[in-house]
Amino acid sequence: MNTNAYRLGQLIVLEQNKIADAKAGIAYVKLALSFAFITTWILYFIFAFSFYVADLWGISTWLTENTSELVAFALFLTMALLMAQTLSMIKHAFYHHKAAFKYGLFAVLLICSLGVFMELFNSSSQQQTIAHQSAEKSKTFDSVANTQISIDRGANSSNRIAYLSGELAKAREYLNGCKKTCKTYQVKVADLTAQIEALQAGQAQANEIASLASTNAIKAKTEAMSALKEDAHKPIFKFIRDALGVGISTAVVIIACLVSIGFEYSHALLSRMLGEKLSYLESLQNGLVKLKTDYLQAAGTEYGSSELIDAPELPVSSFKYQQAAPFVSGFVSFKNAPKSRAQGSAKSSDPLPTPKEQQLPFPDFGGFKARRDTWATPELETEATTSNHQLGVHEEKPQQPPARGSMGLYDDWVQAVKIGECKPSVDPTWSWIQKRISNKETGERTPDRTRISAMQKAFFSRAMKEGLMIENPNYRNGGKKYLWTA
Amino acid sequence: MDSLNTQQPTQTIYYWLDGYWVKDKEEAELMDSINAFGSLHQVVELPLNADIDREIQHLLKV
């Protein structure tokens, strides 16, 4: 019966430790969710603002130019704020709700898709802005943009045509009044007409060529500028463009989509992690209730530790078994040890504790001293404390089955390492111990660094003996000297 | 009969309720001073060749 109570007591302590770990894990996930909420809010706000108001880049210029439109601006800004707040709250609430109440894939996809789209909108626009700004700042782009396109229209024949037209008019006039030289003027008119037509045809062709050259030059300049802008994009975008044979915009969208999906998946994953951790905590708490019930049946009294479900961590200065009177009372004969030794009566063999017995203040733990005095020092212990209890093997034994009294500072340290509060290294452990004993020890001991180092070494020694940590076989200067294996 | 009373060389072991033990008295007292292991240590004399873990467990179970 007592052994069973002891076992249950130990299991309860372990269960409480697991609960503390689980709660720490849940708190961490909730913190991550809070950061995700803030990120989502900013993301949604940028989307709504850019979509309904103006691009955030150059917003100061935009505001200067639109100060007269205060009503519209105020309304759209309010809508952007409310939209960001509402949608991010819905998303946050949904992920918290999903953690507790499982949801179908469709609802998760809907929420995720909304986030992906808005992120896609923002990030792709942002990448374009970055690339264009980068390109426009480059000297090459500046050089291309300032190139003047001059078109050589070739030889100008209009003066010659005008001259020949005058000659042609004269020749026609002579031809009209001729009597003997008509033949000559007929030839001249025909010749001048042919020359004028040839010149006009040549001029038209030259104009056409010049126009084509002009168009090509402008097109080349534009393409050069576009190429420079495209070249200013990040290498990853150009890699996707070249690998998939798509335009740079498509490449940007593909990458932005992957990043957005990654964020949304991580966000949704947090929700799942929270749900699993909550379920785990619930199962642990149910287990704790069962263990306490079993303990009640085994020991006949409630496990009255101060380590309640909602407050598994005790103050460091508390000695837990001292507060857990019912736990002590589980070791009945233990409690009765002094009486049995003094009186030699048979009462010491009473198997079960009675309510009356539970009210006994502090029993003699069959030789083990309860730490009822806060920070008793070895100097205060009489020699009898140890020498009176010296035992020869199998000669004089503790009269009662001792139980694990409580978790001490060492167990607190192990827990602190497990939950990440303290690193299993020399300096962090030294500081951890120092903080916990500094308010208990006064006088000359407080600054005794050697003494605290001895405590740290003793902790490490026990942890290694219990297999919680090992010396790093690959230790080098600057590396970890010890490895936590628990 | 005298041969039966031959004293074996012993060692002093300092142990706690949770079964942990050390051989160093100063370490045991230091650990007690900060309530490292939840109880004050006990002392037992054991033969040098004794299985300390087993003996301590035996003492704690009895």
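The values are calculated or read from the model by the stated rules, or taken from the named source; none is laboratory data. Quick caveat, the model's predicted, so the values are computed rather than measured. Cβ coordinates were reconstructed from backbone atoms using ideal geometry, including for glycine residues, and neighbour counts include every protein chain displayed. Surface areas here come from the heavy atoms of the whole protein model, side chains and all, with no ligands, DNA or RNA. Shrake-Rupley method; radii C 1.70, N 1.55, O 1.52, S 1.80 Å.
Scan region A:256-280 for residues that are of a type in the set (A, V, I, L, M, F, W, C), touching a residue at least 60 places away in the same chain (Cβ under 8 Å) and open to solvent by 20 Å² or more (accessible area, probe 1.4 Å) and the total you get is 7. The number of residues in region B:4-62 being part of a helix (DSSP H, G or I) and more than 7 Å from every other protein chain (Cβ to nearest Cβ) comes to 11. Residue A:184 fulfils the conditions (1) loosely packed, with under 15 Cβ neighbours inside 10 Å; (2) closer than 30 Å to residue A:135 by Cβ except for a single criterion, (2).
Kindly check whether there is at least one residue in region A:18-26 that is without any contact (Cβ under 8 Å) to a residue 60 or more places away in the chain and within 25 Å of the chain's Cα centre (by Cα).
Initially, region A:18-26 is screened for residues without any contact (Cβ under 8 Å) to a residue 60 or more places away in the chain, giving none.
No, region A:18-26 has no match at all.
What about residue A:122, is it in contact with a Leu (Cβ under 8 Å, 6 or more places away or on another chain) and assigned to a helix (DSSP H, G or I)? Considered against the rule, which asks whether it is in contact with a Leu (Cβ under 8 Å, 6 or more places away or on another chain) and assigned to a helix (DSSP H, G or I), residue A:122 comes out as yes. Every listed requirement among (1) of a type in the set (A, V, I, L, M, F, W, C); (2) assigned to a helix (DSSP H, G or I); (3) not assigned by the TED database to the domain that holds residue A:95 is met by residue A:246 save one, (2).
Just one of the listed residues (A:180, A:238, A:219) is outside the structural domain of residue A:15 (by the TED database) and not in a helix (DSSP H, G or I), and it is A:180. Residue check: residue A:84 meets all listed conditions (1) at pLDDT 85 or above; (2) farther than 18 Å from residue A:53 by Cα; (3) open to solvent by less than 20 Å² (accessible area, probe 1.4 Å) but one, namely (2).
Restricting A:110, A:105 to those that are more than 14 Å from residue A:267 (Cα to Cα), in the same structural domain as residue A:265 (by the TED database) and open to solvent by 100 Å² or more (accessible area, probe 1.4 Å) reduces the list to A:105. Residues in region A:471-486 that are touching a Phe, Trp or Tyr at 6+ places or on another chain (Cβ under 7 Å) and part of a strand (DSSP E or B): 2 in all. Total residues in region A:139-154 satisfying the condition of being surrounded by 11 or more Cβ atoms within 10 Å (Cβ to Cβ), of a type outside the set (Lys, Arg) and either modelled with pLDDT of 85 or more or over 57 Å from the mean Cα position of the chain (by Cα) (or both): the figure is 2.
Scanning for something of a type in the set (A, V, I, L, M), touching a residue at least 12 places away in the same chain (Cβ under 8 Å), assigned to a helix (DSSP H, G or I) and over 29 Å from residue A:262 (Cβ atoms), does region A:140-149 turn up at least one residue?
Yes, some residue in region A:140-149 is of a type in the set (A, V, I, L, M), touching a residue at least 12 places away in the same chain (Cβ under 8 Å), assigned to a helix (DSSP H, G or I) and over 29 Å from residue A:262 (Cβ atoms).
The set of residues in region A:439-453 that are closer than 16 Å to residue B:32 by Cα and either more than 41 Å from the chain's Cα centre (by Cα) or modelled with pLDDT under 85 (or both) comprises A:440, A:441, A:445.
In region A:451-484, which residues are open to solvent by 70 Å² or more (accessible area, probe 1.4 Å) and more than 9 Å from chain B (Cβ to nearest Cβ)?
Once the filter is applied, which keeps residues that are open to solvent by 70 Å² or more (accessible area, probe 1.4 Å) and more than 9 Å from chain B (Cβ to nearest Cβ), region A:451-484 yields A:470, A:471, A:473, A:474, A:475, A:476, A:477, A:478, A:480, A:481.
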